[in-house]
Amino acid sequence: MSVLNRVFRCVLLLAGMSLMATAGASPTMPQASVEYQLLKRPQPTETGKKIEVIEFFGYFCPHCNALEPLMAEWVKKQGDNIVFKRVHVNFHGLVPQQKLYFTMEAMGKADEYHMKAFNAFHIDHNRLQSDAEVMEFVNKSGLDKQKFADIYSSFSIQSKLNRAAQLADAYQADSVPFIAIDGRYTTSPVMSVTRMPRVTEEEQNRSVLQVMDFLITKIQKERNAPAAAAVSAPTAPASASAVAAAPAKAPAKKK
């Protein structure tokens, strides 16, 4: 065999091994402590039979901005399986951005104006770093200015800020985007591609959605397992002593 042929065969072998390694690291089969983490202290949820999903994010974050359209599609696909919540974190002292999101949420306008707030920061270059810049966004977006201002400065928004800090601490959300599921699991786009080198940001974002799909299915199976076991369990026959102890039925009296 010529040296050239040997080199060619080695190249093909290495390429094949690379493809196999990539396939083996697919986020469709994620592992605990690799593509997702299990919280040491599970957090309480208030979503009943539905699975709680929390996205920790920030309007300042370009990665959150890139993830948002895919996340919105994922939430829509999940439908009634989940209750989806967003928590704007307090990184870099950007409290006005937090207050912007929580005020829109209180007005019932978060879903409608959420992407517009991202666009204001990342496209229109409104840094949303002050109350004045936030109100500039409100004026341009078409939100009810007076209603927004009243809620923005209210005690209820301060309570949401405090709660956001508590949740970020409880879930150990030290970066964004960061996702918590069912009060027990956490993951992120970066975490989801731990075993997949050289990926684009879009591949990261699609990978984290696959990990989230995996966790939702895992939780649903765990919840359905006790019910399935109860249905399939055979009824134990009555013991001989129980039958003997049972009182005999009195014969019917003739009229």
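Brief remarks follow.
- Hey, Val199 open to solvent by 30 Å² or more (accessible area, probe 1.4 Å), within 30 Å of Glu35 (Cα to Cα) and in a loop (DSSP other than H, G, I, E, B) or not: yes
- Scanning region 156-183 for residues that are farther than 17 Å from Phe102 by Cα, open to solvent by 60 Å² or more (accessible area, probe 1.4 Å) and in contact (Cβ under 8 Å) with a residue 12 or more places away in the chain turns up just one, Gln172.
- Flag for Gln129 being under 17 Å from Phe60 (Cα atoms), of a type in the set (S, T, N, Q) and part of a loop (DSSP other than H, G, I, E, B): yes
- So Val87, is it out of contact with any Ser or Thr (no Cβ under 9 Å at 6 or more places or on another chain), open to solvent by less than 70 Å² (accessible area, probe 1.4 Å) and closer than 19 Å to Asp174 by Cα: yes
- The set of residues in region 90-116 being of a type in the set (Asp, Glu) and open to solvent by less than 60 Å² (accessible area, probe 1.4 Å) is empty.
- Any hit, region 211-228, residues being within 12 Å of Pro27 (Cα to Cα) and open to solvent by 10 Å² or more (accessible area, probe 1.4 Å): yes
- Only one of Ala15, Ala66, Ala21, Ala72 that is in a helix (DSSP H, G or I), aliphatic (A, V, I, L, M), at pLDDT below 95 and surrounded by 11 or more Cβ atoms within 10 Å (Cβ to Cβ): Ala21
- Restricting Val53, Val83, Val34 to residues that are assigned to a strand (DSSP E or B), under 17 Å from the mean Cα position of the chain (by Cα), modelled with pLDDT of 95 or more and within 18 Å of Ser188 (Cβ to Cβ) narrows the list to Val53.
- Selection from region 143-155 of residues that are in a helix (DSSP H, G or I), in contact (Cβ under 8 Å) with a residue 12 or more places away in the chain and not charged (D, E, K, R): Phe148, Ala149, Ile151, Tyr152
- Subset of region 123-148 (residues that are surrounded by fewer than 14 Cβ atoms within 10 Å (Cβ to Cβ) and either at positive phi or modelled with pLDDT under 95 (or both)): His125, Gly142
- Pairs, first closer than 15 Å to Val87 by Cα and modelled with pLDDT under 95 in region 104-118, second part of a loop (DSSP other than H, G, I, E, B) and aliphatic (A, V, I, L, M), C-beta under 6 Å, six or more apart: none
- Those residues of region 26-49 which are over 18 Å from Ser192 (Cα atoms), exposed (fewer than 15 other Cβ atoms within 10 Å of the Cβ) and in contact with a strand residue (DSSP E or B) (Cβ under 6 Å, 6 or more places away or on another chain), in sequence order: Thr47
- Residues in region 184-196 that are open to solvent by less than 50 Å² (accessible area, probe 1.4 Å) and without any contact (Cβ under 8 Å) to a residue 24 or more places away in the chain: Ser188 only.
The values are calculated or read from the model by the stated rules, or taken from the named source; none is laboratory data. Since the structure is predicted, the reported quantities are computational estimates derived from the model, not experimental observations. Neighbour counts run over all protein chains shown; Cβ positions are idealised from the backbone, glycine included. Ligands, DNA and RNA are excluded from the accessible area calculation, which covers all protein heavy atoms including side chains. Shrake-Rupley method; radii C 1.70, N 1.55, O 1.52, S 1.80 Å.
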